[in-house]
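Participant: Encoded as structure tokens, here's the structure I'll be asking about.
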Amino acid sequence: MEARVRALLRRGQCGGANEICLGSLSVDTVGKKATVGGRALDLSARELCILEVLIRNIGHVVSKGQILEKMYGWDEDVSENAIEVFIHRLRKKMDGADVSIRNIRGLGYSIVESHE
């Protein structure tokens, strides 16, 4: 609970109401862009969508099914394995950030601030 309160407080320290922050990661939900320490991340639309879903749910585990619901329309048949590929790409692009995407085996994913 304490971590959740800290995360909510950090959100208020971002540039605007449409920006969600966690550590050095900032996601602009209206401008559809993300930065780490001021450095723009070159993300595909689907990678950005996953990142936005995760950062909107700080402190919670998000299942692959929940991510798929946000990413795709009803008419698209997409495997849950695609989520793993996008998560892998996101992790590589966020390498060196103080934020990481954790896999909670059998449940889904969570984005957390790294304390290394």
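Bear in mind that the values in this text are calculations on the coordinates, not laboratory data. These figures come from a predicted structure and were not determined experimentally. Note that each Cβ is placed from the backbone with ideal geometry, even for glycine, and that neighbours are counted across all protein chains shown.
Participant: For the range 21-29, what does the Karplus curve 6.51 cos²θ - 1.76 cosθ + 1.60, with θ = phi - 60°, yield as ³J(HN,Hα) per residue in whole Hz, taken in order and with x for Gly and Pro?
Facilitator: Computed from phi, the couplings for the range 21-29 are 10, 8, x, 8, 8, 10, 10, 8, 6 Hz.
Participant: Can you list which of the GluC sites (Glu not before Pro) found in the range 17-76 are DSSP loop residues with at most 15 other C-beta atoms within 10 Å?
Facilitator: Here the GluC sites (Glu not before Pro) that fit, given the DSSP loop and packing criteria, are Glu76.
Participant: Provide Cys21, Cys49 in ascending order of the number of other Cβ atoms located within 10 Å of each residue's Cβ, fewest first.
Facilitator: By the 10 Å Cβ count, ascending: Cys49, Cys21.
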